[in-house]
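A.B. asks: Quick one: the structure is below, and I'll ask about it shortly.
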Amino acid sequence: MATVQLSEAEKVYVLHGIRDDLRVDGRSCEDYRHMEIETDVVSNTDGSAKVTLGHTAVLVGIKAEMGKPRPAQPAEGYLEFFVDCSANATPEFEGRGGEELGTELTNTLYRVFNNKRSVDLASLCISPGEHCWLLYVDVLLLQCDGNLYDGISIAIKAALFNTKLPKVLISEGEEGGTEIELSDDPYDSVRLSVDNVPCIVTLCKVGPRHVVDATLQEKACSVASLIMAVTPAGTCTCMRKVGGGSLDPESFFEMTEAGRRVGRALHGPLMALLSQEEALGQKRQKVGFLG
Amino acid sequence: MPTDTKRIRGPEVSQSLSRFICKPETTLPSDGTRADGRNRDQVDVRPVFVRCGLVSQAKGSAYIEAGNTKLICCVYGPKETERKDETDMKCGRLFADMRFAPFSCPERGSWIQGSQEKDLSLMVLESLQPAVCLHKYPRSQIDVNVMVLENNGSALAHAITCASLALADAGIEMYDLVLGCSIRQDGASYLIDPTFLEESGSYWASGENQGSLTVSFLPSLNQISGLQSDGEMGEGTLTAGVRTCIEGCYKLYPVIQQALVKAVRGAAPPPSES
């Protein structure tokens with residue numbers, strides 16, 4: 001993981017600030033940094049989104065391809081995740097340096113979506129046992145300044161919201177087989193429901209308290225953090241402890257409660273923002289990567 | 001053309017027989033006893049058999065058996081670190097590697113470590129790290145290798161227990177033992193220490209609170225060192241599940257302690273009083 005080196009004095013400063021609910025950048029313990037979301041940023045994808053959270057920048061592109069459903073779930077499509085830690089973000093990621101973090105993030109994403117309700121996988125099925133939509137969710141880290149999990153999950157939710165799948169018609173072919181017909185009209189598309197897509201909330205235990213959306217400096221002061229994927233309904237689809245430290249059961253219960261609270265509060269404004277952006281339609285001015 | 005020419009491989013694509021067997025019951029029986037006679041909603045962990053020091057070449061090793069879940073773990077080190085470029089030389093480094101033998105699961109796995117195994121290795125590492133006094137081993141590395149010989153559920157939880165036992169057997173200084181326990185939440189009730197069938201069965205079934213949870217716990221320090229949940233669960237269910245897992249860990253504690261004491265006695269028999 002991209003890390004920064006902090007001196008003891010700096011650590012004490014950060015710790016004391018958090019103890020008094022005032023962080024180095026002026027936030028309180030459960031505040032997020034300024035967040036910018038833009039969808040439909042890459043034209044070659046079926047859905048894309050870019051999220052910046054402080055100095056963390058994440059770009060997600062979703063490509064839909066037609067594939068064969070998995071034998072275990074013949075009537076469902078599926079999602080494939082891949083997180084690429086590019087050397088743009090930090091020179092540590094050069095070569096195979098980012099691989100470890102990339103696998104960790106990818107595996108967590110699979111876990112987060114490993115349940116029936118996050119994404120309606122049945123809607124990705126075209127014809128059971130034969131064809132389904134396969135969504136390749138590719139995540140690119142452009143800048144790392146802590147709290148990658150939250151940024152990635154928000155970007156994925158925005159990109160899934162933005163995803164438009166072309167309508168597919170299945171008809172009987174002339175020689176008994178099936179024929180697949182793709183709609184010519186680019187506006188004749190299907191949207192995915194993102195009502196139950198969870199957002200990840202990372203809580204970093206710093207001293208006696210926990211903070212949301214930790215910067216790299218704060219992360220350097222923390223021994224353990226808790227990742228929670230919270231759905232809008234308040235259920236948790238994945239939880240794991242990361243980092244080399246351990247947690248007291250009592251503080252763990254406090255953290256889950258805080259995570260749930262923060263996670264639920266995150267979904268409302270996010271969805272409002274996404275539909276607001278959607279409503280602007282074609283005349284929306286694109287910010288792109290220089291914003 | 002097979003990419004891996006070193007080993008005998010079957011056809012490019014083959015399928016396990018289990019795909020073609022019509023499953024008699026995909027949902028778990030919702031009440032009363034479980035298939036192996038244990039009860040639902042009770043902290044009824046499978047009886048475990050543990051033994052230390054089986055592998056003579058390793059610094060420390062342990063074997064654990066819970067029902068048909070069988071694992072072996074070896075610890076090598078502390079030895080000089082291989083990676084010289086690490087900036088932080090004041091602390092030792094712990095490496096954990098967890099693998100499933102290809103024949104350990106109902107469906108054949110691959111020899112090459114998959115992403116699931118990497119994920120489990122990371123979980124084992126993060127669970128063990130808080131318990132090991134790494135500052136006592138500067139400039140050195142400690143390797144923990146876990147091999148699952150037979151997987152009948154809760155492999156991760158037992159791997160953590162087994163690995164901490166092997167570390168202790170190797171004489172690595174630790175703050176505490178690490179015990180693992182997992183549950184499978186099925187609606188309103190839970191199944192502690194699930195078997196493979198219980199773990200996977202009806203995972204995608206509709207209904208609330210379907211998921212699984214693995215907790216690793218340091219019993220005498222009262223700290224949670226690792227936690228991983230999967231599936232969808234409400235917050236209340238999740239916290240209750242964590243409490244259950246902790247209770248399960250306490251049940252395991254005396255057995256592990258006893259095994260360790262036995263191993264230490266065996267290694268250095270007390271001087272005979274003459």
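The values are calculated or read from the model by the stated rules, or taken from the named source; none is laboratory data. Only a predicted model underlies this, so the values are computations on that prediction, with no experimental measurement involved. Glycine gets a Cβ as well: all are built from the backbone with ideal geometry, and neighbour counts include every protein chain shown. The protein model used for the area step is the full one, side chains on, heavy atoms only, and it has no ligands, DNA or RNA in it. Shrake-Rupley method; radii C 1.70, N 1.55, O 1.52, S 1.80 Å.
A.B. asks: How far is helix B:155-169 tilted, in degrees, relative to the longest principal axis of the Cα atoms in chain B, given as a value from 0 to 90 rounded to the nearest 10?
C.D. replies: Once rounded, one gets 10 degrees.
A.B. asks: Taking H placed 1.01 Å from N in the peptide plane, check which residues at least 5 places from B:Gln223 or on another chain put their amide H under 5 Å from its amide H.
C.D. replies: Counting only residues 5 or more places away or on other chains, the set is B:Leu218.
A.B. asks: While we're here: What lysines could a cross-link reach from A:Lys167, if we take a straight Cα to Cα line under 20 Å and drop same-chain neighbours fewer than 8 places away?
C.D. replies: A:Lys63, A:Lys68
A.B. asks: Mind checking how much accessible area B and A bury in total, 1.4 Å probe, in Å² rounded to 100?
C.D. replies: Buried area between the two chains comes out at roughly 3300 Å².
A.B. asks: Can I ask one more? Would you kindly derive the ³J(HN,Hα) couplings of the stretch A:213-230 from the backbone phi angles with the Karplus curve 6.51 cos²θ - 1.76 cosθ + 1.60 (θ = phi - 60°), listing them in order in whole Hz, with x for Gly and Pro?
C.D. replies: Calculated HN-Hα couplings, in order: 6, 6, 7, 4, 4, 5, 5, 5, 8, 9, 9, 8, 9, 10, 9, 10, 9, 10 Hz.
A.B. asks: Related question: Expressed as an acute angle from 0 to 90° and rounded to the nearest 10, what is the orientation of the C-alpha long axis of helix B:115-128 relative to the principal long axis of chain B?
C.D. replies: Value to nearest ten degrees: 50.
A.B. asks: Per DSSP H run of at least 4 residues, take -39500 (n - 2.57); add these up for the protein assembly as shown, divide by its residues and hand me the 222 nm value, nearest 500 deg cm²/dmol.
C.D. replies: -8500 deg cm²/dmol
A.B. asks: If you don't mind, another one. Enter the mean number of other protein chain beta carbons within 10 Å of the beta carbon of each residue in A:105-112, as an integer. Show your work: numbers first, answer last.
C.D. replies: On the way: counts 0, 3, 7, 3, 0, 4, 5, 1.
Partner Cβ neighbours, averaged per residue: 3.
A.B. asks: Also, I was wondering about something else. Using a Förster distance of 51 Å, how high is the FRET efficiency between A:Arg96 and B:Ser272, based on the Cβ-Cβ distance and rounded to 0.05?
C.D. replies: Calculated transfer efficiency: 0.35.
A.B. asks: Rolling a 1.4 angstrom probe over the protein heavy atoms, how many square angstrom per residue are accessible across the stretch A:8-281?
C.D. replies: Value for the stretch A:8-281: 43 Å² per residue.
A.B. asks: Here's a follow-up. Please list, in order along the stretch A:182-198, the HN-Hα scalar couplings obtained from phi with the Karplus expression 6.51 cos²θ - 1.76 cosθ + 1.60 (θ = phi - 60°), rounded to whole Hz, x for Gly and Pro.
C.D. replies: Along the stretch A:182-198, the couplings run 9, 5, 6, 6, x, 8, 7, 9, 9, 9, 8, 7, 10, 4, 10, 5, x Hz.
A.B. asks: Roughly to the nearest percent, how much of the accessible area of the stretch A:69-132 is carbon and sulfur, given a 1.4 Å probe?
C.D. replies: 49 percent
A.B. asks: Next question. Run the reach check for B:Lys79 against lysines, Cα to Cα strictly under 20 Å, same-chain hits fewer than 8 apart removed. What comes back?
C.D. replies: B:Lys59, B:Lys90, B:Lys136
A.B. asks: Each label point is 7 Å from the Cα along the Cα-to-Cβ direction; what then is the distance between the points at A:Arg264 and A:Leu280, in nm?
C.D. replies: 3.1 nm
A.B. asks: So if we plug the beta-carbon distance of B:Ser110 and A:Ser43 into 1/(1 + (r/R0)^6) with R0 = 45 Å, what FRET efficiency do we get, rounded to 0.05?
C.D. replies: After rounding, the FRET efficiency stands at 0.75.
A.B. asks: Turning to a different aspect of this structure: Under a point spin-label approximation (7 Å from Cα along Cα-to-Cβ), what is the A:Val190-A:Ala75 distance to one decimal in nm?
C.D. replies: In this crude label model, A:Val190 to A:Ala75 measures out at 1.4 nm.
A.B. asks: Same structure again: I'd like the accessible area for A:Val287: 1.4 Å probe, protein heavy atoms, all chains in place, Å² to the nearest 10.
C.D. replies: 90 Å²
A.B. asks: With a ≥ b ≥ c the root eigenvalues of the C-alpha gyration tensor of the protein assembly as shown, is it rounded (a/c under 1.5), prolate (a/b larger than b/c) or oblate?
C.D. replies: Judged from the Cα gyration tensor, the protein assembly as shown comes out oblate (a/c at least 1.5, b/c at or above a/b).
A.B. asks: I want to check the label-to-label distance for B:Val264 and B:Glu247. Put each point 7 Å from Cα in the C-beta direction and report it in nm to one decimal.
C.D. replies: A separation of 3.0 nm, rounded to one decimal place.
A.B. asks: When a/c is below 1.5 the answer is rounded, else prolate if a/b is larger than b/c, else oblate, so apply that to the stretch A:8-281 with a ≥ b ≥ c taken from the square roots of the Cα gyration tensor eigenvalues.
C.D. replies: Values: a/c = 2.15, a/b = 2.08, b/c = 1.04.
Because a/c hits 1.5 or more and a/b exceeds b/c, the stretch A:8-281 counts as prolate.
A.B. asks: Using Cα atoms only, what is the angle between the long axis of helix A:8-19 and the major principal axis of chain A, expressed in degrees (0 to 90) to the nearest 10?
C.D. replies: 70 degrees
A.B. asks: Amide H of A:Ile126: which non-local residues (sequence gap of 5 or more, or other chain) have their own amide H closer than 5 Å, using H built in the peptide plane?
C.D. replies: Under 5 Å from the amide H of A:Ile126 lie the amide H atoms of A:His131, A:Cys132, A:Trp133, each far enough along the sequence or on another chain.
A.B. asks: Taking θ as phi - 60°, what are the ³J(HN,Hα) couplings along the stretch B:182-190 by the Karplus curve (6.51, -1.76, 1.60), each to the nearest whole Hz, with x for Gly and Pro?
C.D. replies: 10, 10, 10, 8, 10, x, 7, 10, 10
A.B. asks: About the Cα centre of chain B, how large is the charge dipole given +1 on each Lys and Arg Cβ and -1 on each Asp and Glu Cβ? Please answer in debye to the nearest 20.
C.D. replies: Approximately 860 debye in magnitude.
A.B. asks: Now for a separate question. Evaluate E = 1/(1 + (r/R0)^6) for A:Glu65 and A:Gln5, where r is the Cβ-Cβ distance and R0 equals 41 Å; express this FRET efficiency to the nearest 0.05.
C.D. replies: My answer for the efficiency is 0.40.
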